[in-house]
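Visitor: This structure is in structure tokens; I'll ask about it shortly.
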Amino acid sequence: MFVLQCHQNQTWDWFEWNAKGECISQKRCNALSDIPHPPRDAPLAVLIPGDSVLMTSVKLPKMRAGELAKAAPYALEEQLASDPDSVLVATGKQLADGKTITAVIEKSLLENALTQWREHHLFPRIVLPDFLAIKYEPNAWTIVLQDQYAWVRIAPDAGFLIEADNLTLFLQTYLQQKTKPTQIICFQDGAIANVAALEKFSIPVDYRDAKNGAYFDIASIFSAHAFNLLQGKLRAQTPSSALKKRWTIAARSAGIFVGFLFLSQIGQWIYFSSQVKQLQSQVTVTYRQLFPKATDVLEPHFRTEQLLKRFQLAEKESAFFRMLAITGKTLLDFPHIHLKTVTYHQPQLILTITTKKLSLLSGWADELRAQQFVVQQQVLKTDATSVAAQVTISEKTT
């Protein structure tokens with residue numbers, strides 16, 4: 001975990017903590033280029049000077065987070081010295097009286113700072129005023145004296161940054177407005193506290209070691225409930241959040257695809273339902289044409305099949321009589337051909353005949369072929385005076 005503390009004189013303090021919350025390195029940097037480059041996915045918090053942030057509270061209507069961010073500057077308009085459109089308002093937890101903790105900062109100040117940090121490969125997850133990063137204990141105020149400044153935290157979401165020379169005056173003012181704390185915790189980091197001035201408040205003062213950033217509340221800074229100025233569009237895009245975003249896009253795409261398939265199935269069902277109704281109507285019309293005496297449409301498939309079978313049977317019988325009639329008519333031209341037997345095996349008419357000469361059989365076969373029949377002949381017996389043969393006749397297929 002890394003913390004970058006920005007000072008008013010454009011210098012920076014760089015801290016690195018391990019998983020146990022122990023400071024393992026500290027470095028004073030005079031330029032952004034001197035700051036080490038942490039891994040992109042490493043937790044990084046940037047502390048900005050508290051005098052650039054106004055902590056206050058305001059009654060806000062219930063609305064979505066995006067709409068709330070737009071409405072908050074106008075709800076605070078009476079407390080602002082600048083145009084509401086030129087500030088960013090970050091919101092925190094809601095208090096018991098219904099008001100919401102808010103932090104106000106100049107929009108250009110934060111956006112320019114983010115641009116500079118990213119140009120130097122610094123991608124903070126959390127940005128907050130420095131006084132909200134120091135330790136807080138219930139019913140106590142915490143003061144950090146560093147160089148010419150004093151950071152003061154008087155509540156979990158309240159505090160201020162002031163020049164050390166004006167600390168006594170501000171503490172006296174806050175004591176008149178706030179509940180008196182049971183003790184004051186004081187860290188001296190490169191500056192000496194005015195002990196006599198603090199004793200005038202008649203509040204016990206606990207002087208603690210400020211070595212290696214001992215005044216920072218690391219667990220609180222990186223907790224899920226920490227106050228963060230990076231909200232809305234400025235929210236940090238960590239690799240995990242970017243991965244989550246990609247998965248969200250993939251899930252939405254899959255949802256759209258499934259929805260499209262579902263809607264297409266519904267569309268097909270509607271289409272086929274209309275087609276079924278049309279077909280049912282056509283079946284009804286055809287059924288009544290085939291069975292004009294029917295009052296209801298009952299088993300149309302079965303009844304139509306039975307009707308077709310009767311038509312097929314009638315067609316078979318008509319083919320037999322047609323071939324037999326034509327064959328008998330041609331035999332009138334050949335009186336020496338005698339018909340012995342007639343057999344019908346669909347679609348063939350099989351005849352057994354006798355005649356005196358084989359040439360008569362051939363002539364009769366030619367005349368049958370002239371009637372568009374297929375004729376096959378087979379000699380069964382022959383002698384000097386007669387010929388017995390089997391003639392198979394069938395209609396030509398087109």
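None of the figures in this text is laboratory data; all of them are computed from the coordinates on show. Predicted model, so just to flag it, every value in this text is computed and none were measured. Neighbour counts run over all protein chains shown; Cβ positions are idealised from the backbone, glycine included.
Visitor: Which residues' amide hydrogens lie under 5 Å from the amide hydrogen of Val46, considering only partners 5 or more residues apart or on another chain, with H built in the peptide plane?
Guide: So Val46 has HN proximity to Leu4, Ile126, Val127, Leu128.
Visitor: Can you tell me the 0 to 90 degree angle between the C-alpha axis of helix 65-75 and the longest principal axis of the chain, rounded to 10?
Guide: Orientation of helix 65-75: about 40 degrees from the principal axis.
Visitor: Give the cross-link partners of Lys27 among the lysines, using a straight C-alpha distance below 27 Å as the criterion and excluding same-chain residues fewer than 8 apart.
Guide: Lys135, Lys211
Visitor: Oh, and also: Once you have all Cα-Cα distances for the chain, histogram them in 20 Å bins from zero and send the whole-percent values.
Guide: 19, 28, 10, 8, 10, 14, 10, 2, 0
Visitor: Something else about it: If you take the C-alpha gyration tensor of the range 127-224, multiply each eigenvalue by 5 and take the square root, what semi-axes do you get, largest first, in whole Å?
Guide: Square roots of five times the eigenvalues give 20, 16, 12 Å.
Visitor: Which whole number of Å³ per residue matches the convex hull of the alpha-carbon atoms in the range 123-178?
Guide: Numbers: hull volume 4.8 nm³, N = 56.
Dividing the Cα hull volume of the range 123-178 by its residues yields 86 Å³.
Visitor: Any idea what angle helix 358-370 forms with the longest principal axis of the chain, computed on alpha-carbon atoms, 0 to 90 degrees, nearest 10?
Guide: 40 degrees
Visitor: Using per-residue counts of other Cβ atoms within 10 Å, averaged over each peptide, order 212-218, 71-77, 195-201, 260-266 from highest down.
Guide: Output ranking for 212-218, 71-77, 195-201, 260-266: 212-218, 71-77, 195-201, 260-266.
Visitor: Tell me what the chain gives for mean residue ellipticity at 222 nm when only DSSP H runs of n ≥ 4 count, each as -39,500 (n - 2.57), the sum divided by the residue total, rounded to 500 deg cm²/dmol.
Guide: Rounded to the nearest 500, it is -12000 deg cm²/dmol.
Visitor: Can you work out ³J(HN,Hα) from phi for every residue in the range 111-116, in order, using Karplus 6.51 cos²θ - 1.76 cosθ + 1.60 and θ = phi - 60°, giving whole Hz and x for Gly and Pro?
Guide: Karplus-based 3J(HN,Hα) across the range 111-116 equals 5, 5, 5, 4, 4, 5 Hz.
Visitor: Excluding same-chain residues fewer than 8 positions from Lys59, which lysines have a Cα within less than 25 Å of its Cα?
Guide: Qualifying lysines at Cα under 25 Å: Lys70, Lys93, Lys99, Lys107, Lys178, Lys233.
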